[in-house]
1. If we keep just the residues of the stretch 247-280 that are part of a helix (DSSP H, G or I) and of a type in the set (Gly, Ala, Ser), which is farthest from residue 230 (Cα to Cα)?
2. Examine the stretch 131-149 for a residue that is in the same structural domain as residue 241 (by TED's automatic domain parsing), closer than 23 Å to residue 252 by Cα and at pLDDT 85 or above, and state whether such a residue exists.
3. Is there any pair linking a residue in the stretch 7-23 that is at negative phi to one that is β-branched (Val, Ile, Thr) and outside any helix (DSSP H, G or I), with Cβ under 9 Å and at least six apart or on different chains, and which?
4. Being farther than 23 Å from residue 132 by Cβ, in the same structural domain as residue 133 (by TED's automatic domain parsing), more than 19 Å from the chain's Cα centre (by Cα) and not polar (S, T, N, Q) narrows it down to one of 203, 249, 211, so name that one.
5. Let me spell it out: the conditions are (1) under 30 Å from residue 12 (Cα atoms); (2) touching a residue at least 60 places away in the same chain (Cβ under 8 Å); (3) crowded, with 20+ Cβ neighbours inside 10 Å, and residue 126 meets all of them except one. Which number is the exception?
6. Any residue that is touching a residue at least 40 places away in the same chain (Cβ under 8 Å), among the aromatic types (Phe, Trp, Tyr) and crowded, with 16+ Cβ neighbours inside 10 Å - is there at least one of those in the stretch 49-70?
7. Helices (runs of 4 or more DSSP H) wholly in the stretch 83-144 with at least 2 residues that are out of contact with any Asp or Glu (no Cβ under 7 Å at 6 or more places or on another chain), small (Gly, Ala, Ser) and closer than 28 Å to residue 165 by Cα - which ones?
8. Pull up the stretch 79-101, narrow it to residues that are in contact with a helix residue (DSSP H, G or I) (Cβ under 6 Å, 6 or more places away or on another chain) and either surrounded by fewer than 17 Cβ atoms within 10 Å (Cβ to Cβ) or hydroxyl-bearing (Ser, Thr, Tyr) (or both), then point me to the one that is farthest from residue 143 (Cα to Cα).
Amino acid sequence: MEPASSSAQEARKALGKRLAEIRIAAGLTKRALSENLGWHESKASRFESGKRAPSERDLRDWCRVCDADDEAEQLVTTARRIEGMYIEWGKLEANGLKQAQQSALPLWDRTKKFRFYSPWLVPGPVQTASYIKALLTSIRDRRGLIDDVDAAVEVRLEKQKIVYSSRTFVIVLEESALYNRIGGTDVMVGQLGYLLSAMALPRVVIGIIPRNIERPLMPVEGFFMFDDHTVKVELVSAHLTVEQEHEVRMYAQTFNELYEMAVFGSAAREIITAAIESFG
């Protein structure tokens with residue numbers, strides 16, 4: 001995989017390239033444009049190279065000076081999308097976990113096929129209420145957030161009803177994810193038991209990558225694919241949204257390779273049952 005923030009950085013460079021094209025079409029040098037706007041020339045250079053993100057006002061001023069006002073709205077829309085690609089947790093969760101959960105609802109609502117790979121925990125669509133609460137409580141305490149865990153749990157449980165709809169879910173887990181203790185023994189036993197039940201849902205496919213196999217591909221960061229257009233990655237410091245087509249294809253290829261390593265059906269149930277028994 002490429003560096004975690006490469007998708008946002010490439011998009012910022014593409015925006016900078018478009019700004020350069022608009023400036024050149026207007027017959028302006030970076031110096032002339034900067035003088036018109038009262039900027040230091042280096043500011044325009046940083047925008048065009050993608051090293052600095054322009055504000056909405058910067059973009060509108062740029063277009064005005066270049067006599068390209070008809071370009072402004074599209075550039076502003078693009079800049080807003082780029083800003084949403086890489087969001088530090090502190091910003092995303094500034095108003096609590098409930099709002100952070102709600103922010104994902106529009107994407108879930110319009111997605112038809114979900115592909116989730118998780119190396120360390122059972123992912124959202126097949127989590128129990130007690131598992132969710134234990135997980136969000138841990139996040140709240142680690143990041144020093146306001147206490148709205150119960151409200152956030154309700155939002156996620158409401159979101160989970162989508163697994164009973166016409167959507168398709170393909171979930172691949174590392175076997176080690178079954179043993180990472182989120183909450184106490186009862187929480188884990190209940191969660192793994194629910195995982196077995198979820199395997200029977202008609203549009204849910206769950207595979208487990210055994211710990212003892214010879215691997216052609218080592219575990220990678222957990223990621224969630226929404227149709228063929230968006231990938232979400234949860235980093236230590238931030239929430240990453242990948243939308244660049246070539247990067248989405250990389251994640252799709254990686255998911256396929258991980259899928260080929262997984263076992264399904266009775267073999268997967270045996271692994272989950274062994275994990276349940278380990279908590280006994």
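1. Checking each candidate, the answer is 278.
2. no
3. 7/231; 7/241; 7/242; 8/241; 8/242; 23/29
4. 211
5. Just one mismatch for residue 126, condition (1).
6. Yes, the stretch 49-70 contains a residue that is touching a residue at least 40 places away in the same chain (Cβ under 8 Å), among the aromatic types (Phe, Trp, Tyr) and crowded, with 16+ Cβ neighbours inside 10 Å.
7. Result: 129-143.
8. If we take residues in the stretch 79-101 being in contact with a helix residue (DSSP H, G or I) (Cβ under 6 Å, 6 or more places away or on another chain) and either surrounded by fewer than 17 Cβ atoms within 10 Å (Cβ to Cβ) or hydroxyl-bearing (Ser, Thr, Tyr) (or both), then 86 is farthest from residue 143 (Cα to Cα).
The values are calculated or read from the model by the stated rules, or taken from the named source; none is laboratory data. Since the model is a prediction, treat every value here as computed from it, not as a measurement. A quick note on method: Cβ atoms are made from the backbone with ideal geometry, for glycine too, and the neighbour counts reach across all protein chains shown.
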